[in-house]
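Scroll down for the structure; my scribbles are underneath it.
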Amino acid sequence: MNNKEWLARLSNLTGLPYYEEHRPFGDKNGALIGIHDGYIVALGPGKADRGHSAIKMLLRYAKGQDPKQIKEALDTAKGKFKQVTANETTTTLVRTYSFGKPDAGSVAEDLQKLLATLKTTASPINGKCEECGRAEPPMVLLNDVPMHYCSGCQFQLSQKLDAAALEYEKLETNLPLGLIYGMGAAVLGSIAWGGVAYLFHRIFLWGAIIIGLFVGKAVVMGIGKVNWTARVTIGVLTAGSVAFGDAIFYALTVMSQEHVALMAALKAVLVNFWKLETAADGGIVSILFGLIGAGIVMYSTRKPAFKAQFATLGTPATTLSSTATK
Ligand SMILES: [Zn+2]
């Protein structure tokens, strides 16, 4: 049974409309989306963690419930499903499978049990706007998640996000200050890295991650809004900081072994740096670890998504469901 037939059959069994065009779980065949006793339910094929095939379920209820209580209650009724997340408005469940989709009948049964239990622990939304409580029964999709959101609140949310996006665009990028902060952090990082390595006669790779975080944060602090120049700056300064830290470590070692002045040792090291770095244990690896730290900062400062996309539900695939009953 392909996904479409399976969904159509499940639609018949549960009474939930089947929408081919809406993809709350990312599957191209769509999902069932409907209201059951005032609760919003979405159900359909999707992918679990690590791309495992799964049937996914979304149960939505009125705000202001204790998510822990709901989770505990639903745990007694989840059947072959597994709860993934539960917050004060939504619980998501998955049922993974390896060979062929689970029987639609058993999924419908699981849903029945879950809904019956949900009734005992969470209040239904009952077609009221989840933001302000105004009765406006038609469901909408907000970034593909079905919910009750009245037209007034939709307008307000869009405006708020537009304003936030505008604020963000207006943020200044101060590259010189970012460079100054970043270079200061990089030099401190080099000294700390080289000094610690020399004192303990070993390198601590996680220390390189800390340097990446430190340099990254310093650049971000100076630069304000992070753009591609800032990201490249963070990467280059981090790699440079760890590499120069290695150079300081080699120079300190040469200095104490050969009894030469630090500057002379450093000069000798820098001339042969690449050879030393590739030959040393963990030389290149330490730079890579530094870049992991830098990457964490780059990722955490990426541009936030200021998008609230509202869509009205389309037409359910009724013809399909009637053919599937044969
Ligand atoms: Zn509202």
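The values are calculated or read from the model by the stated rules, or taken from the named source; none is laboratory data. Please read all numbers here as calculations on a predicted model, not as lab measurements. Glycine gets a Cβ as well: all are built from the backbone with ideal geometry, and neighbour counts include every protein chain shown. Note: areas computed on protein heavy atoms with side chains; ligands, DNA, RNA excluded. Shrake-Rupley method; radii C 1.70, N 1.55, O 1.52, S 1.80 Å.
Averaging 1/r over every pair of different alpha carbons in the range 91-161 and inverting the result gives a Kirkwood radius of 14.8 Å.
Our coupling estimate for the range 80-90, obtained by passing each phi through the Karplus curve with A = 6.51, B = -1.76, C = 1.60 and θ = phi - 60°, is 8, 7, 10, 6, 9, 9, 9, 10, 6, 10, 9 Hz, Gly and Pro reported as x.
Helix 262-271 and the longest principal axis of the Cα set of the chain meet at an angle near 60°.
In the structure shown, the pairs Lys4/Lys28; Lys56/Lys80; Lys68/Lys160; Lys160/Lys303; Lys4/Lys47; Lys56/Lys303 are assessed against 20 Å; a Cα-Cα span above that value is assigned to Lys68/Lys160; Lys56/Lys303. For Lys78, a cut-off of 15 angstrom between C-alpha atoms picks up these aspartates and glutamates, skipping any fewer than 8 places away in its own chain: Glu109, Asp110. Per residue, the convex hull spanned by the Cα atoms of the range 1-115 measures out at 95 cubic angstrom. Shape summary of the range 40-108, radius of gyration then Dmax from alpha carbon positions: 12.3, 39 Å. The lysines within cross-link reach of Lys63, meaning a Cα-to-Cα straight distance under 19 Å and a gap of 8 or more places when in the same chain, are Lys71, Lys119, Lys128. Reducing the range 126-153 and the range 158-221 to their Cα centroids gives an inter-centroid distance of 42 Å.
Contact order, relative form, for the chain: 18 percent (alpha carbon pairs under 8 Å, 6 or more residues apart, mean separation divided by residue count). For the chain, with a Gaussian network of springs between Cα atoms less than 10 Å apart, report the residue from Ala261, Ala164, Ala243 with the top mean-square fluctuation. Highest fluctuation of the listed residues: Ala261. Under the convention that each Lys and Arg Cβ holds +1 and each Asp and Glu Cβ holds -1, the size of the dipole of the chain around its Cα centre is about 400 debye. In the chain, the ratio of gyration radius to Kirkwood radius, Rg to Rh, stands at 1.18 when only Cα atoms are counted. Per atom type, the chain shows carbon and sulfur on 61% of its accessible surface, probed at 1.4 Å. Entry note: the range 205-253 has Rg to Rh equal to 1.06, where both radii use alpha-carbon atoms and Rh is the Kirkwood radius. The Kirkwood radius of the range 134-274, taken over pairs of alpha-carbon atoms, gives through the Stokes-Einstein law at 20 °C and 1.002 mPa s a diffusion coefficient of 116 µm² s⁻¹. Backbone phi angles across the range 34-46, fed through the Karplus curve with coefficients 6.51, -1.76 and 1.60 (θ = phi - 60°), yield HN-Hα couplings of x, 10, 10, 6, x, 9, 8, 10, 10, 8, x, x, x Hz in residue order; Gly and Pro are listed as x. Largest first, the three principal axis extents of the alpha carbons in the range 122-176 are 55, 20, 18 Å in whole numbers.
Using the Stokes-Einstein relation with a Kirkwood hydrodynamic radius computed over Cα pairs, the translational diffusion coefficient of the range 47-199 at 20 °C and a viscosity of 1.002 mPa s comes to 108 µm²/s. Other residues lying with their Cβ under 15 Å from the Cβ of Gly216 contribute a combined charge of +4, Lys and Arg counting +1, Asp and Glu -1. For the range 85-233, the relative contact order works out to 18 percent when only alpha carbon pairs closer than 8 Å and six or more residues apart are counted.
With one equal scatterer per alpha carbon and no solvent term, the Debye-computed log10 I(q)/I(0) for the range 206-304 at 0.22 1/Å reads -0.98. Across the range 142-154, computed HN-Hα scalar couplings (Karplus, 6.51 cos²θ - 1.76 cosθ + 1.60, θ = phi - 60°) run 10, 6, 6, 9, x, 7, 9, 9, 5, 4, x, 5, 4 Hz from first to last residue, x flagging Gly and Pro. Just so you know, the Rg over Rh for the range 249-290 is 1.02, from Cα atoms, with Rh as the Kirkwood radius. Counting every alpha-carbon pair across the range 246-316, the share separated by more than 21 Å comes to 55%. Surface exposure of the chain, expressed per residue as accessible area with a 1.4 Å probe, stands at 53 Å². Averaging Cα coordinates gives a centre for the range 74-110 and one for the range 1-71; these two points are 10 Å apart.
Summing +1 for each Lys or Arg and -1 for each Asp or Glu among the other residues whose beta-carbon sits under 14 angstrom from that of Arg23 gives 0.
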